[in-house]
Structure formats: C-alpha cells, structure tokens
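None of the figures in this text is laboratory data; all of them are computed from the coordinates on show. The structure displayed is predicted, hence computed values, not measured ones. Cβ sites come from the backbone with ideal geometry, for glycine too, and all protein chains shown count toward neighbours.
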Amino acid sequence: MTDTANDGALVLLSGGQDSTTCLAWALDRFPRVETLGFDYGQRHRVELDRRPALRRGLAALNPAWAARLGEDHSLALDALGALSDTALTRDTEIAMREDGLPNTFVPGRNLLFLTFAAALAYRRGLRHLVGGMCETDFSGYPDCRDDTIKALQVALNLGMDRRFVLHTPLMWIDKAETWRLARRLGGDPLVRLVVEETHTCYRGERGAMHPWGHGCGTCPACELRAAGWRGFVAEGVEEAPRGG
C-alpha cells in the first residue's frame, strides 16, 4: 500500500480486462474503493454481466482487497447510445472510417463517463477516479489520450470545486504489460480470473474459451487481447498462469 492511499477511489468497471486490472490496482492502493458501470446500449453489454463475478473474485483473492471493496454503482446512459451510430451501439460490421478512426469510436464516451463518475464521487466523498484509458493500445480514440484526460481533470476540478485526481494506470503500457501488471498485483489467480471472467469482445460473444479468454477471436478487441497474451507468455512458460 503506497502513500497515495489517503482517501477513497471510484473505479470505472466495465467488466473487461483493462478495467478489472485497474480495479486490482486501486484495491492495492486506496483504503476504500467503489465501482461504477455504465449501460449505454453497447452491443457488448454482456461485459456488464461479468462485473459481479469479478468483484467477488477480486475480493476472494486478497482479504485486504475484500475489506477495501465498497459499493457498486450502475448508471444508464441511454442518450449516449441513441446519439451514437457506431459499431459498438449498432449491429454493423466493424471497419475503419474515412477519417482514419475505427467505427467502434463512440464520440464523447469517456468524457461523459468521467464527468458522471466525478459527480458520483463528489456525492460519495471519493477523491480518486480510476479508468482504463490507454494511449498505447487505443485504436486512435481521441478521448483515450493522456492530454484529454489531463484537460478533463482540470475542467472537473474547476467546475466542481474539488481536487479530483484522475488515474490511468494503463496509459503508457501495451496489452502484454497489462497482463504482466495483473500478474504482479495478484499472481496467477488474478490472471486466471481475468482470462475466465472478463469480457472484451466487441461483438458481445462469450464464444469459445481461448487461452486469453472468451470472445469471437476476430474483432479488433479480441485480436489486441490475444496479441497481448502472446507477448505475455512469450517471456517464458513461467509467465503463463497455471491451471487449477
């Protein structure tokens, strides 16, 4: 537990690999950690169904984590889904757009997520907001950039007269290092939990069980997760989680 653990944190928990790793990261640092999920009509909303099992699994891994894990919250953002004509909110083929961004980009999503999270944190007396935004493996999403997050932190602090701190522990690491981070935080049991219980597939398919987890295996999210897994285990067989 580091000296940053002075007050509580709110973690944006989608039910995917990145947010689950971020929740473990927060539980390792802060004395009280609550979670928040958003239902915006996402095509892969099966990820939301994974959240209770992930919270239970993380609590079971470490008694200290169990003591720190607080309430779970869920917010419906139907308006975001209604406004968004994307491959994450419509049953359409995943492809690149003419502007170079993938059509999985939901405009304003992370800006809204963090704004609503700050409003909830304000009410709950939580100072730290933790999200899985990443500029290394981010498909070009502009609302995942470090500059965007820093600018939003300034705006939230000014607009709410608070001193929130926005944490993005995955910002400068790739998927292989995200797997390594999970291993450092919770050993093989946490890696197994991420493999077996999280959901990342954009198509919302639990599908077959691959070495890296469930999913269609062909969408950009599955390909990125699988490539990260290969980089993780390529360091040696000792890096792969043992069965059991």
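Note on ARG184 and GLU196: the model spin-label points, each 7 Å out from Cα along the C-beta direction, lie 2.5 nm apart.
Model label sites at ALA66 and GLU235, defined 7 Å from Cα along the beta-carbon direction, differ in position by 2.8 nm. Please work out the FRET efficiency for the pair ASN157 and ALA59, using the Cβ-Cβ distance as r and a Förster radius of 35 Å; give the result to the nearest 0.05. For ASN157 and ALA59, the calculated efficiency is 0.65. Computed packing ranks the peptides 226-235, 195-204 as 195-204, 226-235, most packed first, by mean other Cβ atoms within 10 Å.
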